[in-house]
Amino acid sequence: MTDKDTDETKLIKKAASSILKDDIKQLQLIPPVALKLLTLTNDDNARIDNLSRIIETEPMLAAKILKQVNSAVYALPNKITSTNRAVTILGFSVVRQLALNLLLYNNLKRQNASQLFDLLFFWQHCLYVASLSKRIAVALNYPDPDLVYTGGLLHDIGKIVLETHGRVTYSDFIASIGNNQQSTLEEERNFFGITHTEMGHVFCLEWQLPASIAAIVAFHHNQPTETSPHAQFNTAIAIVSFADYIAWIQGIGSAVQRNSHPSLQSAVLETIDLDQLNIEALLQQVDQDMQSTQEFYNIRLPGLTTLRATLVKTTINLSQINEDNALVTAPKLSSCLTAPHHSLNPDDFIPRTLEAIQNEFSFDRSIMFTIAPKHRSLIALYGWPESILPTKQSAFEININSLSGLLLTCLREKKAVIINTEIEPDNPIIQHLKTTEFIAVPVAHHNKLLGVLYADNSLSKKPMSEQLLPEIQPIAYELGIAIFNAKQYHLEKKNAQIDHLTQLFNKRMINKFLTAVFQEDESTLANLAIGFIDIDKFKLFNDSCGHQAGDDALKIVADILRSLTRPGDFIGRYGGEEFLFVLRNTNKTGAYGYAERLRSAIEHRGKIMSQRFQGHNLTVSIGISLYSRRYADYTDMIETADQAMYRAKNEGRNRIVILPGGDNQLQQLEK
């Protein structure tokens, strides 16, 4: 393993520790007996003896194995009562596979299944991937089918670690992303700071699982590079990746209620020769495996009808994906249908859609009316040609309460209509836009009205045909999805940047800001200061006064930070009871003066709130680092500020410690 790999592993382990409630070495996700099964020697004679001894230590496991060997499948003339004899008859591979499945299944059953991450459903996914992986390995003449079976069984173990032992769970993650189509790994990193593959890899390393299994767990979504020490297991990884993908498109994913589209890496298809595989025969074999599993565990798995329906939906979904590595090429669609999805900015995709509508249907004018919920009105914000509404300031507004007739029906029943002067001569849109006839198509998402799509032929006077309505409705449907996605994106972008409790920037934004700052000129960096703030004895607020009091303390510090910070400087919540500030265009005196104002204001507010905090003093310790050329990047500067903060705590708390740039001597500047 290279130094780079070692450093990356250390970083991943550190990230894993920060989001787990317990030390990963204490997690009992894989029973000790299963761990022994995973580390058995390759010596065939020793394997059978060792396997027999392991099974004999688990009475329930031994009973299941004996039941299997005495079943009608083997039709033995005499009943087998010896575990060793059962292993000899069934064969090491079959027994080891049954034992692993049963041990993991029973362990998952003991977990408390959550609403969004169904552990039993997850286990079925892993079992399907394991079975298909082994079948593919056999078809490809891979030398160790048992390896890929075990790798398939454990490939997503990181999700279980996060679900059962994370400070926030995998169920919380699923709830946060809804129907987002983004890459799951990217979403996971944004949410946890680590992916399930990385968490699984850490688990494998800490529990000293075989390197081959660890490689499959770590790289089944992204194969290792040629120079990686894991590259020797590329074929096994590719087999499990392929099986995982096939499981997903049949509706046997690792988590229910997910609409993201996993992609199949080109490296997988470069490693696996599909011409060597009879996919139909493989799926039939795995269907039989899963049927046997269903009978063995007395559980219900998805039937063929369910899988077939899921496969149809999946194919439809895949046809919409516009990715370089998509397996199915999307058919050419109307530009009206694709235009709404070219951007997440309504100022971009709505005019683009209106232009596409005009090009395809030859309308004279088209307008998008959006809903203003507070005013209960329709506002014409976008039009094509653009000369209809030269500026947003010229947009006109229609009070919904004043509407009647077909336009009100359009809004209430979300029904496309054609309105003309013969039917509604006093219609406000007809009067304002000076037309005799127009189409109104509701734009909605999940039955919630988002706006109205308008089109007319005010210049050409061509009549509006009823046949146009079913042609335009799909466009309005796509536009509704795009508007909803744009709103969700804006909300998620804000949520991804802001700490919910304090409404300050979160750690992700702190890192992003400092990354940009450290790319600036040396002259700019020379006047930079970073401060680390930690609430003193914060645990007392939670333990003695309750978590609400702890939240109040955090909000107080955040409010004071906001009130005392200059424009151009940066403040954020680093995590827990820790905050960070970045001062630009300052020096040691200026940084100390700012920190002292913070420290004093927080202490003063704490005294006012002392009764709320049952006599506990609200104070902070502040450590500051000033820029020096010796800092390779911002993380070094943060680390120095953190050390200075701990020095402040060790020397009595409620004080400030500064490390001037280029000086190796910490200087304490007390109040």
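What the table below lists for this structure:
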item: Residue selected from segment 148-203 under the condition under 18 Å from SER18 (Cβ atoms) and of a type in the set (Phe, Trp, Tyr), by the criterion modelled with the lowest pLDDT; result: PHE191
item: Residue within segment 642-650 that is in a strand (DSSP E or B) and either in contact with a Lys or Arg (Cβ under 7 Å, 6 or more places away or on another chain) or at negative phi (or both) present; result: no
item: Search result, residues across segment 501-522 that are surrounded by 14 or more Cβ atoms within 10 Å (Cβ to Cβ) and basic (Lys, Arg); result: LYS507, ARG508
item: Matching helices (runs of 4 or more DSSP H) fully within segment 144-251 where at least 2 residues are within 30 Å of LEU344 (Cα to Cα) and in contact (Cβ under 8 Å) with a residue 24 or more places away in the chain; result: 170-177, 184-192, 196-206, 234-249
item: Evaluation of HIS375 against (1) outside any loop (DSSP other than H, G, I, E, B); (2) more than 35 Å from the chain's Cα centre (by Cα) (one fails), failing number; result: (1)
item: Qualifying positions in segment 463-480 - buried (at least 18 other Cβ atoms within 10 Å of the Cβ) and part of a helix (DSSP H, G or I); result: ILE472, ILE475, ALA476, GLU478, LEU479, GLY480
item: Any hit, segment 614-635, residues being among the acidic types (Asp, Glu) and more than 23 Å from ALA516 (Cβ to Cβ); result: no
item: Considering residues of segment 259-273 that are within 24 Å of LEU127 (Cβ to Cβ) and out of contact with any helix residue (DSSP H, G or I) (no Cβ under 7 Å at 6 or more places or on another chain) only, the residue modelled with the highest pLDDT; result: SER263
item: Exclusive hit being of a type in the set (Gly, Ala, Ser), outside any helix (DSSP H, G or I), in the same structural domain as LYS555 (by TED's automatic domain parsing) and closer than 14 Å to ASP534 by Cβ, set SER610, SER621, SER625; result: SER621
item: Residue that is aromatic (Phe, Trp, Tyr) and in a helix (DSSP H, G or I), where the choices are PHE513, PHE532; result: PHE513
item: Matching option when the condition is outside any helix (DSSP H, G or I), within 30 Å of GLY546 (Cβ to Cβ) and modelled with pLDDT under 95, among HIS616, HIS604; result: HIS616
item: Residues being over 19 Å from ILE638 (Cβ atoms) and in contact with a strand residue (DSSP E or B) (Cβ under 9 Å, 6 or more places away or on another chain) - total across segment 527-537; result: 1
item: Hey, ARG96 at pLDDT below 65, touching a Leu at 6+ places or on another chain (Cβ under 9 Å), surrounded by 21 or more Cβ atoms within 10 Å (Cβ to Cβ) and in a helix (DSSP H, G or I) or not; result: yes
item: Flag for LEU525 being in the same structural domain as PHE369 (by TED's automatic domain parsing) and crowded, with 17+ Cβ neighbours inside 10 Å; result: no
item: Segment 637-660, subset of a type in the set (Asp, Glu) and surrounded by fewer than 15 Cβ atoms within 10 Å (Cβ to Cβ), residue farthest from THR524 (Cα to Cα); result: GLU651
item: Residue match in segment 417-440 (condition: within 36 Å of the chain's Cα centre (by Cα) and closer than 23 Å to ALA482 by Cβ); result: no
item: Residue count, segment 357-372 (criterion: part of a strand (DSSP E or B) and either in contact with a His (Cβ under 8 Å, 6 or more places away or on another chain) or buried (at least 17 other Cβ atoms within 10 Å of the Cβ) (or both)); result: 7
item: Subset of segment 536-579 that is basic (Lys, Arg) and closer than 14 Å to LEU618 by Cα - its residue that is surrounded by the fewest Cβ atoms within 10 Å (Cβ to Cβ); result: LYS539
item: Residue satisfying all of: in segment 447-474; more than 16 Å from ILE367 (Cβ to Cβ) and polar (S, T, N, Q); modelled with the highest pLDDT among these; result: SER460
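For every residue, the table says whether it meets (1) crowded, with 24+ Cβ neighbours inside 10 Å; (2) over 27 Å from LEU282 (Cα atoms); (3) outside the structural domain of GLU270 (by TED's automatic domain parsing).
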position: GLY151; (1), (2), (3): yes, no, no
position: ILE160; (1), (2), (3): yes, yes, no
position: THR169; (1), (2), (3): no, yes, no
position: GLU198; (1), (2), (3): yes, yes, no
position: TRP207; (1), (2), (3): no, yes, no
position: SER212; (1), (2), (3): no, no, no
position: THR225; (1), (2), (3): no, yes, no
position: THR235; (1), (2), (3): no, no, no
position: ALA243; (1), (2), (3): yes, no, no
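So that you can scan it fast, the table gives a plain yes or no per residue for (1) closer than 24 Å to HIS604 by Cβ; (2) over 29 Å from the mean Cα position of the chain (by Cα):
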residue: LYS507; (1), (2): no, no
residue: THR524; (1), (2): no, yes
residue: GLY531; (1), (2): yes, yes
residue: ASN542; (1), (2): yes, yes
residue: ALA553; (1), (2): yes, yes
residue: ILE556; (1), (2): yes, yes
residue: GLY568; (1), (2): no, yes
residue: TYR574; (1), (2): yes, no
residue: PHE581; (1), (2): yes, no
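The values are calculated or read from the model by the stated rules, or taken from the named source; none is laboratory data. As the structure is a prediction and not an experimental result, all values here were calculated from the model. Using ideal geometry, Cβ is built from the backbone for each residue, glycine included, and neighbour counts are taken over all protein chains shown.
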